[in-house]
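A.B. asks: Okay, handing you the structure first.
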Amino acid sequence: MKIHEYQAKQILKKYSVAVPRGEMAESRAQAESAAKNLFSAGATGVVVKAQIHAGGRGKGGGVKIAKSVQEASEIASKMLGMTLITHQTGPEGRVVQRLLIEETLPIEKELYLGIVIDRGEARPVFMASAAGGMEIEQVAAENPRAILKEYIDPGMGLEAFQARKLAFGLGLKPQQSNQAVQFMTGLYKAFEDTDSSLMEINPFVTCTDGRLFALDAKMNFDDNAMFRHPDLRELRDTTEEDPLEVEASKYALNYIKLDGNVGCMVNGAGLAMATMDIIKYAGGMPANFLDVGGGANAEQVTHAFEILLSDKNVKAVLINIFGGILRVDTLATGVVEAARKTQIQLPIVLRLEGTNVEAGREILKQSGFNFIVAETMKDAADKVVAAARAA
């Protein structure tokens with residue numbers, strides 16, 4: 001689950017991580033009021049920042065500096081409601097519905113801090129780089145040595161010596177060392193307490209007066225841990241997510257929309273990845289990743305089918321099921337119910353194996369629908385790609 005920058009900064013403040021003063025605004029009047037408050041508190045300028053779940057906002061025109069309340073108000077008026085296109089939004093862009101009005105700072109240097117889970121090492125890694133303000137992926141590709149790493153023992157947390165080592169590697173001044181240790185320690189504690197999967201401060205800035213700030217903040221949370229954080233669940237902004245993905249989440253379905261025309265319904269993430277690969281190998285393009293899970297019932301399968309068919313780009317459907325916990329007859333019942341409910345006209349290719357496979361095939365046979373049955377994954381992929389082309 002992703003949240004907005006202003007929400008991430010509200011969380012970080014609770015952990016003594018320094019962030020600029022600012023207020024969220026959803027209208028021109030609120031933006032004007034926020035700017036007025038900041039100027040009254042001594043700010044020499046304000047930054048108007050679009051709040052969307054994507055990076056590259058500055059390059060896309062979503063971050064602008066204002067030197068007066070009136071200028072901030074005018075910028076806010078133009079920015080609210082605009083479709084902001086960045087390298088992360090895709091060509092369709094995102095509509096800006098919220099702004100963060102924030103004080104400007106006397107920036108000296110822009111640096112980078114980030115924390116992720118290193119799956120290979122099975123523990124968190126704290127990263128730092130002097131190349132702040134750039135995409136960390138670009139830095140990693142062009143100069144991997146520019147990224148400093150400290151692996152963290154989950155039982156110990158980020159230790160002071162590790163934070164000092166990173167601060168030294170970033171070239172911070174000796175008098176900033178204690179401040180940096182407090183900053184990084186708070187950052188890791190927030191990461192740990194909220195079950196984050198990603199925390200990124202880019203840029204992490206030093207000011208001419210020696211202070212350190214999180215000028216930007218990005219936090220993603222582990223969906224599987226959200227049952228422990230009802231307060232964080234309230235921060236979810238479904239307007240920033242694909243409507244079909246939002247609908248799928250209501251039924252505990254793992255769905256991700258893609259750009260192809262072959263709809264996929266599979267049980268198990270590994271089998272889903274293999275299915276998408278073999279569709280590509282057959283010359284087609286998958287329209288989605290849809291994992292109904294090992295324990296799905298007929299109702300979930302029906303909803304999954306409806307969601308899959310809601311994508312107007314889908315020209316044919318491949319259902320690839322290995323019946324284990326999810327029995328094949330349960331899947332077949334859900335498919336037939338969904339086909340009747342949606343009055344589907346698209347070709348449907350099924351490759352079924354596993355528990356109760358014969359009963360499942362009989363249900364499909366007696367359904368009255370002209371399902372295409374495949375024997376192998378390759379056979380299924382060839383048939384569904386041909387059907388999509390002919391549609």
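The values are calculated or read from the model by the stated rules, or taken from the named source; none is laboratory data. What you see is a predicted model; the values in this text were computed from it and never measured. Ideal geometry is used to build each Cβ from the backbone, glycine not excepted, and the neighbour counts take in all protein chains shown. Each accessible area value is taken on the protein alone, full model and side chains, heavy atoms only, with ligands, DNA and RNA left out. Shrake-Rupley method; radii C 1.70, N 1.55, O 1.52, S 1.80 Å.
A.B. asks: Gap in Å between the Cα centre of segment 46-111 and the Cα centre of segment 208-229?
C.D. replies: 19
A.B. asks: Once amide H atoms are built 1.01 Å from N in the peptide plane, which residues 5 or more positions from R57, or in another chain, come under 5 Å H to H?
C.D. replies: none
A.B. asks: Using a 1.4 angstrom probe and counting only protein chains, how large is the accessible area of F371 in Å², to 10?
C.D. replies: Only protein atoms counted, so the area is about 30 Å².
A.B. asks: To continue, here is another question. What list of ³J(HN,Hα) values in whole Hz, one per residue of segment 311-316 in order, does the Karplus curve 6.51 cos²θ - 1.76 cosθ + 1.60 (θ = phi - 60°) give from phi, with Gly and Pro shown as x?
C.D. replies: 7, 5, 7, 6, 10, 7
A.B. asks: Size of the dipole of the chain about the Cα centre, Lys and Arg at +1 and Asp and Glu at -1 on the beta carbon, nothing else charged, in debye to 20?
C.D. replies: Result for the chain is approximately 620 debye, rounded to the nearest 20.
A.B. asks: Here's a follow-up. Per 0.36 nm of contour for each residue apart, how much would the distance between D153 and E353 grow if the chain were fully extended, relative to their Cα-Cα spacing?
C.D. replies: Length gained between D153 and E353: 67.7 nm.
A.B. asks: Using only the Cα atoms of the chain, what semi-axes does the equivalent ellipsoid have when each is the square root of 5 times a gyration tensor eigenvalue? Give whole Å, largest first.
C.D. replies: In descending order, the three semi-axes are 47, 25, 18 Å.
A.B. asks: Once you place label points 7 Å from the Cα toward the Cβ at N370 and F161, how far apart are they in nm?
C.D. replies: Each label point lies 7 Å from its Cα, and together they span 7.3 nm.
A.B. asks: Give the range of the longest stretch in the chain that excludes all GluC sites (Glu not before Pro) found in loop regions by DSSP and having at most 11 other beta-carbon atoms within 10 Å.
C.D. replies: Counting only loop sites that pass the neighbour cut-off, the longest clear stretch is 235-374.
A.B. asks: Right, next: Indicate the gyration tensor shape class of segment 297-391 (rounded, prolate or oblate), computed on the Cα atoms with a ≥ b ≥ c the square roots of the eigenvalues: a/c under 1.5 is rounded; otherwise a/b larger than b/c is prolate and the rest oblate.
C.D. replies: Since a/c reaches 1.5 but b/c is at least a/b, the shape of segment 297-391 is classed as oblate.
A.B. asks: Of all DSSP beta bridges located in the chain, what percent are antiparallel, nearest 5?
C.D. replies: 75
A.B. asks: Sticking with this structure for a sec: What is the distance in Å between the Cα centroid of segment 261-293 and that of segment 16-30?
C.D. replies: Spelled out, the Cα-based centre of one part sits 42 Å from the other.
A.B. asks: Sketch the reach of a paramagnetic label on K341 as a point 7 Å from Cα along Cα-to-Cβ, and name the residues of segment 303-321 whose backbone nitrogen lies under 17 Å away.
C.D. replies: 303-311
A.B. asks: Run the dipole for segment 1-71 about the Cα centre, Lys and Arg Cβ at +1, Asp and Glu Cβ at -1, nothing else charged, and hand back the magnitude in debye, nearest 20.
C.D. replies: Using Cβ point charges on Lys, Arg, Asp and Glu, segment 1-71 gives about 200 debye.
A.B. asks: How many Å² of accessible area per residue for the chain, probe 1.4 Å?
C.D. replies: 47
A.B. asks: May I pose another question? Relative to the longest principal Cα axis of the chain, at what angle does helix 377-390 sit, 0 to 90 degrees, rounded to 10?
C.D. replies: The angle comes out near 90 degrees.
A.B. asks: Further question on the same structure: Give the accessible area for L352 in Å² (nearest 10); use a 1.4 Å probe, count only protein heavy atoms, and leave out ligands, DNA and RNA.
C.D. replies: Accessible area of L352: about 10 Å².
A.B. asks: Could you give the length gained on full extension between E26 and A390, defined as 0.36 nm per residue of separation minus the Cα-Cα distance, in nm?
C.D. replies: 126.3 nm
A.B. asks: Across segment 202-208, in residue order, what do the Karplus-derived ³J(HN,Hα) couplings come to in whole Hz, using 6.51 cos²θ - 1.76 cosθ + 1.60 with θ = phi - 60° and x for Gly and Pro?
C.D. replies: With coefficients 6.51, -1.76 and 1.60, one gets 9, x, 9, 10, 9, 9, 5 Hz.
A.B. asks: So for the chain, taking the charge dipole from beta-carbon charges (+1 Lys/Arg, -1 Asp/Glu), which of A339, V95, A122 sits furthest toward the positive end?
C.D. replies: The residue sitting most towards the positive pole is V95.
A.B. asks: Specify which residue in the list P243, G210, N220 is farthest towards the positive end of the charge dipole of segment 166-246, using unit charges on the beta carbon of Lys, Arg (+1) and Asp, Glu (-1), about the Cα centre.
C.D. replies: The one lying farthest along the dipole's positive direction is G210.
A.B. asks: Whose amide H sits under 5 Å from the amide H of E108, counting only residues 5 or more places off or on another chain, with H placed in the peptide plane?
C.D. replies: The list, which skips near neighbours in sequence, is T206, C207, T208.
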